[in-house]
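So the structure is just underneath, and the comments pick up after that.
The values are calculated or read from the model by the stated rules, or taken from the named source; none is laboratory data. Bear in mind that the values here come from a model prediction, so they are computed numbers and not experimental data. A quick note on method: Cβ atoms are made from the backbone with ideal geometry, for glycine too, and the neighbour counts reach across all protein chains shown. Ligands, DNA and RNA are excluded from the accessible area calculation, which covers all protein heavy atoms including side chains. Shrake-Rupley method; radii C 1.70, N 1.55, O 1.52, S 1.80 Å.
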Amino acid sequence: MKNSIQHIFFDLDHTLWDFEKNSQLAFARIFDANYPHIHLDDFIAAYMPINKACWQLYQVDQMSHDELRYQRLKQSFDALAVAISDHEINQIATDYIHYLPDFNHLFDDAHEVLRYLQSNYHLHIITNGFAEVQYRKMHQSNLTPYFKTITNSELAGAKKPNPIIFEHALQVASATKSNSVMIGDSLDADVLGALDFGMQAVFFNPLNEAAAADICQINQLIDLKNIF
């Protein structure tokens, strides 16, 4: 892989940017100020799998942007039997998107690995996240200088694993399938999406999820130094 690659495309959330940790901090700020009776740990335990399921629907166009923002909260509060109005849910959704980029925890060794790769490769982002929020996340966590291009699903008109977003990203980056690789945490959206499109891929798999033996995978970002 090393000899053929010139362009490395990264996913952002759950790959470089620690979504779980930053998300918990954003909700803590909201609940501490407005809903001290809601136990944060209980909410996060309910929210994380629900949010993941909603994103899986969103990435295959079975849930809209607005439905995602509402349903992931509504379903979480319902799971906890917390009575809360639609007005409150919509306000929490707005506050959450506002506060989330204020937190900038990354996965271990992210900056070290990006500095290492930047010296020999062109680095890019492909993300399904909301454009304005993703740009703020990258700026706040000092990631922006590493990347030559940022492809967002809203701008590309398609979400990973749709091949349209990969094609768009290659065009913007002046890259080809044969000299590019995708690195991400989602087996379906990032890895299989890229492989089906014809790109190479690396599965960032810190939780040791089951994956086919022929899929290249790493458990921590620093392992990329052994590949590139």
Q) Taking segment 19-48, which residues are open to solvent by 20 Å² or more (accessible area, probe 1.4 Å) and within 30 Å of Leu195 (Cα to Cα)? A) Glu20, Lys21, Met48
Q) Which number in (1) acidic (Asp, Glu); (2) surrounded by fewer than 20 Cβ atoms within 10 Å (Cβ to Cβ); (3) in contact with a strand residue (DSSP E or B) (Cβ under 7 Å, 6 or more places away or on another chain) marks the one condition that Glu209 misses? A) (3)
Q | All positions within segment 136-146 that are open to solvent by 20 Å² or more (accessible area, probe 1.4 Å) and either at negative phi or free of Cβ contacts under 8 Å to residues at least 12 places away in the same chain (or both) | A | Arg136, His139, Gln140, Thr144, Pro145, Tyr146
Q | Index of the failed condition, Ile164 passing every other in (1) under 20 Å from Met63 (Cα atoms); (2) in contact (Cβ under 8 Å) with a residue 12 or more places away in the chain; (3) open to solvent by 60 Å² or more (accessible area, probe 1.4 Å) | A | (2)
Q) Which one of these does Arg72 not meet: (1) open to solvent by less than 50 Å² (accessible area, probe 1.4 Å); (2) under 30 Å from Ser174 (Cα atoms); (3) at pLDDT 95 or above? A) (2)
**Q.** Failed item, numbered, when Arg115 is tested on (1) surrounded by 15 or more Cβ atoms within 10 Å (Cβ to Cβ); (2) under 30 Å from Lys225 (Cα atoms); (3) free of Cβ contacts under 8 Å to residues at least 60 places away in the same chain
**A.** (1)
Q: Kindly indicate the residue of segment 1-18 that is among the acidic types (Asp, Glu) and under 8 Å from the mean Cα position of the chain (by Cα) and also surrounded by the most Cβ atoms within 10 Å (Cβ to Cβ) among those meeting that condition.
A: Asp11
Q: Collect the residues in segment 50-64 that are more than 15 Å from the chain's Cα centre (by Cα) and within 14 Å of Phe130 (Cβ to Cβ), keeping them in residue-number order.
A: Met63, Ser64
Q: Just give me the residues in segment 120-166 being β-branched (Val, Ile, Thr) and modelled with pLDDT of 95 or more, in sequence order.
A: Ile125, Ile126, Thr127, Thr144, Thr149, Ile150, Thr151, Ile164, Ile165
Q) Would you call Ala189 free of Cβ contacts under 8 Å to residues at least 60 places away in the same chain, at negative phi and out of contact with any Phe, Trp or Tyr (no Cβ under 8 Å at 6 or more places or on another chain)? A) no
Q) Residue check: is Leu100 under 30 Å from Thr176 (Cα atoms), of a type outside the set (Asp, Glu) and in a helix (DSSP H, G or I)? A) no
**Q.** Unique residue being assigned to a helix (DSSP H, G or I), over 30 Å from Gly157 (Cα atoms), β-branched (Val, Ile, Thr) and modelled with pLDDT of 95 or more when the list is Ile30, Ile89
**A.** Ile30
Q) Given (1) within 18 Å of Ser186 (Cα to Cα); (2) open to solvent by 70 Å² or more (accessible area, probe 1.4 Å); (3) touching a helix residue (DSSP H, G or I) at 6+ places or on another chain (Cβ under 9 Å), where does Asp61 come up short, assuming only one miss? A) (3)
